[in-house]
Amino acid sequence: MLIATWNVNSVRQRAAHLLRWLKQAQPDIVCLQELKCLDDAFPRLEVEAAGYHVETLGQKTFNGVAILARKRPDEVIRGLEGDDADSHARYMEAVFSTESGVVRVASIYLPNGNPPLSEKYPYKLGFMERLRRRAAALLRLEEPLVLAGDYNVIPEPIDARDPAAWVSDALFLPQTRAAFRRLLALGLTDALRACDQAPERYSFWDYQAGAFQKNNGIRIDHLLLSPQAADRLVTCRIDKETRSWDKPSDHVPVLVELNLA
DNA sequence: ATGTCGCATTCCATGCGA
């Protein structure tokens, strides 16, 4: 089973890319972030015609997440508990039955948090703590679980071409990295790093200043696995090719293959 | 080189978020 995450930076602008990539990559489950539209504006008919069931949590202008899948989920949960005042569409889960049992997948669009001295940074850290609590609860289910999405976290210096350029950025501040480590310390596995410890494994390149041409990237899109999912890990890779397509998203898909039927 | 996108509106120019 192939499970992917991709921040598409407007699903309406990226619909043709999404369809082309679905056909090419043949994923079973896809977590999307930054839909930047309401549910009704999602290109549902086209994606369904490509063979995918569509579950969305849209929002006008910003944010928005979705989970696409070959099969209809048994259950969908929209929103991340722990803050009734949080109106951002940044989190959803879906549970699927397979021949090998259940798999639970979350699509996460973690807040960017910049600038760090604004209210946006405590919102990011609060969201990360809520995610940690949710992950802890889900881990108690002892299911194959994939927490997939745009974390807006550069975990380690090796995950940036120029780490010095990010030291004061909300994506790489010590508090951000510590919160990410607390998540991992629950017993989650960073799927890409379990498969590949090489440098220059990036999932995002800024649109500005020819960042992609210079390979001036960062790795901020992650698939975190529960022990039951990690036990079934076959491989994980970044699909860098889509960044070279015409009018691309600034993020590329990251895919994990699990030994699940 | 503050050099790019995508969204929305006070709408063909600007501010915001990233």
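The values are calculated or read from the model by the stated rules, or taken from the named source; none is laboratory data. Only a predicted model underlies this, so the values are computations on that prediction, with no experimental measurement involved. Cβ placement follows ideal geometry from the backbone for every residue including glycine, while neighbour counts extend to all protein chains displayed. Side chains included, ligands, DNA and RNA excluded: accessible areas come from the protein's heavy atoms. Shrake-Rupley method; radii C 1.70, N 1.55, O 1.52, S 1.80 Å.
With viscosity set to 1.306 mPa s at 10 °C, what whole-number translational diffusion coefficient in µm²/s follows for region A:1-44 from Stokes-Einstein and a Kirkwood radius over Cα pairs?
Details: Rh = 10.8 Å.
Taking Rh from Cα pairs, D becomes 147 µm²/s.
Convert each backbone phi in region A:100-108 into a coupling constant with the Karplus relation 6.51 cos²θ - 1.76 cosθ + 1.60 (shift: θ = phi - 60°), then list the ³J(HN,Hα) values in order as whole Hz, x for Gly and Pro.
Whole-Hz 3J(HN,Hα) from phi for region A:100-108: 9, x, 8, 9, 10, 10, 10, 10, 10.
How many angstrom lie between the C-alpha centres of region A:210-235 and region A:1-64?
Between the Cα centre of region A:210-235 and that of region A:1-64, the gap is 19 Å.
If I model a spin label as a point 7 Å beyond the Cα along the Cα-Cβ vector, how far apart are those points for A:Asp246 and A:Ala209 in nm?
Each label point lies 7 Å from its Cα, and together they span 2.9 nm.
Between A:Asn112 and A:Arg20, 0.36 nm times their residue separation minus their Cα-Cα distance comes to what?
Numbers: separation 92, 0.36 × 92 = 33.12 nm, distance 2.80 nm.
Contour length minus the Cα-Cα distance gives 30.3 nm.
Please give the contour-minus-distance gain from A:Glu99 to A:Ala164: 0.36 nm per residue of separation, less the Cα-Cα distance, rounded to one decimal in nm.
Details: separation 65, 0.36 × 65 = 23.40 nm, distance 4.70 nm.
Fully extending the segment from A:Glu99 to A:Ala164 adds 18.7 nm.
Suppose we flag chymotrypsin sites (Phe, Trp or Tyr not before Pro) only when DSSP calls them loop and at most 16 other Cβ atoms lie within 10 Å. Which is the longest uninterrupted stretch of chain A? Don't skip to the end; give the middle numbers.
Working: sites that count: A:Phe62, A:Tyr207, A:Trp245.
With chymotrypsin sites (Phe, Trp or Tyr not before Pro) excluded where exposed in loops, chain A gives A:63-206 as its longest stretch.
Just the number, please: Stokes-Einstein D of region A:102-182 in µm²/s, Kirkwood Rh from C-alpha pairs, 25 °C, 0.890 mPa s. List each step's numbers first, then the result.
Numbers: Rh = 13.5 Å.
In µm²/s, the coefficient is 182.
How big is the Cα convex hull of region A:136-261 in projection, averaged over all directions, in nm²? Numbers along the way, then the final one.
Working: hull surface 33.4 nm².
Mean projected area for region A:136-261: 8.3 nm², to one decimal.
Could you work out [θ]222 nm for chain A from helices alone, using -39500 (n - 2.57) per DSSP H run of at least four and dividing by all its residues? Round to the nearest 500 deg cm²/dmol.
On the way: 6 runs with 57 residues, N = 261.
Value at 222 nm, helices only: -6500 deg cm²/dmol.
Nearest 0.05, what FRET efficiency do A:Asn259 and A:Ala136 give at R0 = 22 Å with Cβ-Cβ as r?
On the way: r = 25 Å, r/R0 = 1.15.
Plugging the Cβ-Cβ distance into 1/(1 + (r/R0)^6) gives 0.30.
As a quick test, which of the pairs A:Lys60/A:Lys124; A:Lys71/A:Lys124; A:Lys60/A:Lys214; A:Lys23/A:Lys120; A:Lys71/A:Lys120 have an alpha carbon distance above 30 angstrom in this structure?
Long pairs (Cα-Cα over 30 Å): A:Lys71/A:Lys124; A:Lys60/A:Lys214; A:Lys23/A:Lys120; A:Lys71/A:Lys120.
Can you work out the FRET efficiency for the pair A:Leu38 and A:Ala198, with r the C-beta to C-beta distance and R0 = 45 Å, to the nearest 0.05?
Working: r = 40 Å, r/R0 = 0.89.
After rounding to 0.05, the efficiency reads 0.65.
Would you compute the Debye intensity of region A:1-108 from its alpha-carbon atoms alone, equal scatterers and no solvent, and pass along log10 I(q)/I(0) at q = 0.12, 0.17, 0.19 Å⁻¹ to two decimals?
Per q value, in the given order, log10 I(q)/I(0) is -0.37, -0.74, -0.92.
Hey, what does the equivalent ellipsoid look like for chain A, semi-axes from the Cα gyration tensor as sqrt of 5 times each eigenvalue, largest first, whole Å? Present the calculation step by step, with values, prior to reporting the outcome.
Details: eigenvalues 117, 93, 75 Å².
Semi-axis lengths for chain A are 24, 22, 19 Å.
Quick one: putting +1 on the C-beta of Lys and Arg, -1 on the C-beta of Asp and Glu, what dipole do you get for region A:2-258 around its Cα centre, in Debye to the nearest 20? Don't skip to the end; give the middle numbers.
On the way: 33 positive and 35 negative charges, 55 e Å.
Magnitude of the dipole: close to 260 debye.
Kirkwood Rh and Cα-based Rg: tell me the resulting Rg over Rh for region A:58-112, rounded to two decimals.
Values: Rg = 12.7 Å, Rh = 12.4 Å.
Reported Rg/Rh, Kirkwood definition of Rh: 1.03.
Could you give the size of the charge dipole of region A:90-159 about its Cα centre, using +1 on the Cβ of each K and R and -1 on the Cβ of each D and E, expressed in debye and rounded to the nearest 20? Write out the running numbers ahead of the final one.
Working: 9 positive and 9 negative charges, 70 e Å.
It works out to roughly 340 debye.
Which distance in nm do the two modelled labels at A:Glu46 and A:Arg12 give, with both placed 7 Å along the Cα-to-Cβ direction?
1.2
Using a cut-off of 10 Å between beta-carbons, work out the net charge of the residues near A:Ala69 (Lys and Arg +1, Asp and Glu -1, A:Ala69 not included).
On the way: positive: A:Arg70, A:Lys71, A:Arg72; negative: A:Asp28, A:Glu55.
Residues close to A:Ala69 contribute a combined charge of +1.
Could I have the simple spin-label model distance between A:Lys120 and A:Val234, label points 7 Å from Cα toward Cβ, reported in nm to one decimal?
3.9
With a 1.4 Å probe and all protein chains left in place, how much accessible area per residue does chain A have, in Å²?
Details: 11330 Å² over 261 residues.
Per-residue accessible area for chain A comes out at 43 Å².
Restricting things to alpha carbons, find the Rg to Rh ratio for region A:45-199 using the Kirkwood radius for Rh. Don't skip to the end; give the middle numbers.
Details: Rg = 16.5 Å, Rh = 16.9 Å.
Dividing the radius of gyration by the Kirkwood radius yields 0.98.
Positive end of the charge dipole of region A:2-258 (Lys, Arg +1 and Asp, Glu -1 on Cβ, about the Cα centre): tell me which of A:Cys37, A:Gln213, A:Leu192 has its Cα farthest that way.
Positive-end residue among those listed: A:Gln213.
Whole-Hz Karplus ³J(HN,Hα) for region A:37-43, in order, using 6.51 cos²θ - 1.76 cosθ + 1.60 and θ = phi - 60°, x for Gly and Pro?
Whole-Hz 3J(HN,Hα) from phi for region A:37-43: 7, 6, 3, 5, 8, 5, x.
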